[in-house]
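Q: This is the structure I have questions about; it appears just below.
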Amino acid sequence: MDFYRKDKLSALDAKFLAQQIAFAPMVFQAAVALRDLGILAALEKRGKAGATAGEIAEELGLSEYGVKVLAEAGLGMGLLLWQEGKRFTVTKTARFIQHDAMTRANMDFVRDVNYQGFAHLREAIETGRPAG
């Protein structure tokens with residue numbers, strides 16, 4: 001089992017992974033918001049034609065600014081694509097976030113059970129007692 005015995009990443013790949021870890025909490029929260037606010041579903045429903053942030057905002061009763069913020073986060077994390085005419089469409093990854101039962105269960109469990117508690121992990125390790 002050499003998988004855990006060798007550091008196989010290039011420096012560039014290691015830096016990229018470090019950045020993913022640094023932004024992971026924000027990426028997670030944005031992905032959950034895109035899913036739970038119905039933005040992914042609304043975009044998926046429109047297929048390859050996609051929609052602008054304004055169209056989605058109007059359909060869902062959200063602010064255009066808020067939809068833009070989440071849509072731009074979706075671009076950065078690979079959930080959305082940007083097409084001509086400032087139209088957003090979903091990726092395969094977004095479809096898994098939206099429909100895959102295991103992904104949905106894991107996201108919900110992390111959000112509902114683990115997320116806030118993990119902010120106290122260091123304290124629990126240092127004191128040897130549950131914290132948070």
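The values are calculated or read from the model by the stated rules, or taken from the named source; none is laboratory data. No experiment lies behind these values; they were computed from the predicted model shown. Here the Cβ positions follow ideal geometry from the backbone for every residue, glycine too, while neighbour counts run over all protein chains shown. What goes into the accessible areas is simple: the full protein's heavy atoms, side chains included, and nothing from ligands, DNA or RNA. Shrake-Rupley method; radii C 1.70, N 1.55, O 1.52, S 1.80 Å.
Q: Please identify which residues in segment 88-118 have an amide N closer than 13 Å to a label point set 7 Å out from the Cα of Leu60, following the Cα→Cβ vector.
A: Correct set: 88-90, 98.
Q: Something else now. If I model a spin label at Phe23 and Trp82 as a point 7 Å from the Cα along the Cα→Cβ vector, what separation in nanometres do I get?
A: 1.3 nm
Q: Relative to the Cα centre, what is the charge dipole magnitude of the chain, using +1 at the beta carbon of each Lys and Arg, -1 at the beta carbon of each Asp and Glu, and rounding to the nearest 20 debye?
A: The dipole of the chain has a size of about 360 debye.
Q: On full extension of the chain, what length is gained from Lys8 through Phe96, given 0.36 nm per residue of separation minus the C-alpha to C-alpha distance?
A: Net length gain for the segment: 28.9 nm.
Q: Here is a further query. Specify, per residue and in Å³, the volume enclosed by the convex hull of the alpha carbon atoms belonging to segment 1-76.
A: Per-residue hull volume (Cα only) is 141 Å³.
Q: What do you reckon, how do Thr89, Thr52 stack up by accessible area (1.4 Å probe), largest on top?
A: Descending order: Thr52, Thr89.
Q: Also, I was wondering about something else. Using the structure shown, select from Lys48/Lys68; Lys8/Lys68; Lys15/Lys92 the pairs with a Cα to Cα distance greater than 29 angstrom.
A: Exceeds cut-off: Lys8/Lys68.
Q: Here is a follow-up. Report relative contact order for the chain in percent, whole number only (criteria: Cα-Cα under 8 Å, sequence separation at least 6).
A: 18 percent.
Q: Next question. For the chain, give the percent of accessible area contributed by carbon and sulfur heavy atoms, probe 1.4 Å, rounded to a whole number.
A: About 60 percent, which is the carbon plus sulfur part of the accessible surface.
Q: Here's a follow-up. Which of Gln83, Gln20, Gln98 ends up with the largest GNM mean-square fluctuation for the chain, with Cα atoms connected below 10 Å?
A: Gln20
Q: If I ignore ligands, DNA and RNA and count only protein heavy atoms, how much of Val90 is accessible to a 1.4 Å probe, in Å² to the nearest 10?
A: 20 Å²
Q: For the residue pair Asp36 and Lys48, what label-to-label distance in nm results when each label sits 7 Å from Cα along the Cα-to-beta-carbon direction?
A: In this crude spin-label approximation the distance works out to 3.4 nm.
Q: Sticking to Cα atoms, compute the Rg of the chain to one decimal and its Dmax as the biggest Cα-Cα distance, whole number, in Å.
A: When restricted to Cα atoms, the chain yields Rg and Dmax of 18.0, 55 Å.
Q: Short version: ³J(HN,Hα) in whole Hz for each residue of segment 60-71, in order, from phi by Karplus 6.51 cos²θ - 1.76 cosθ + 1.60 (θ = phi - 60°), x for Gly and Pro, what are they?
A: Rounded to whole hertz, the list is 9, x, 10, 6, 4, 4, x, 5, 4, 4, 5, 5.
Q: Return the inverse of the average 1/r over all pairs of distinct C-alpha atoms in segment 72-132, which is the Kirkwood hydrodynamic radius, in Å to one decimal.
A: The answer is 14.1 Å.
Q: Counting only the heavy atoms of the protein chains, how much of Arg87 is accessible to a 1.4 Å probe, in Å² to the nearest 10?
A: 60 Å²
Q: As a test of reading the structure, rank Leu70, Leu79 by solvent-accessible area (1.4 Å probe, protein chains only), most first.
A: Of Leu70, Leu79, the descending order of accessible area is Leu70, Leu79.
Q: Also, I was wondering about something else. Return one whole number: the accessible area per residue of segment 34-132 in Å², for a 1.4 Å probe.
A: With the other protein chains kept in place, segment 34-132 gives 65 Å² per residue.
Q: Using the Cα atoms of segment 35-109 to build a convex hull, what is its mean projected area in square nanometres?
A: 4.7 nm²
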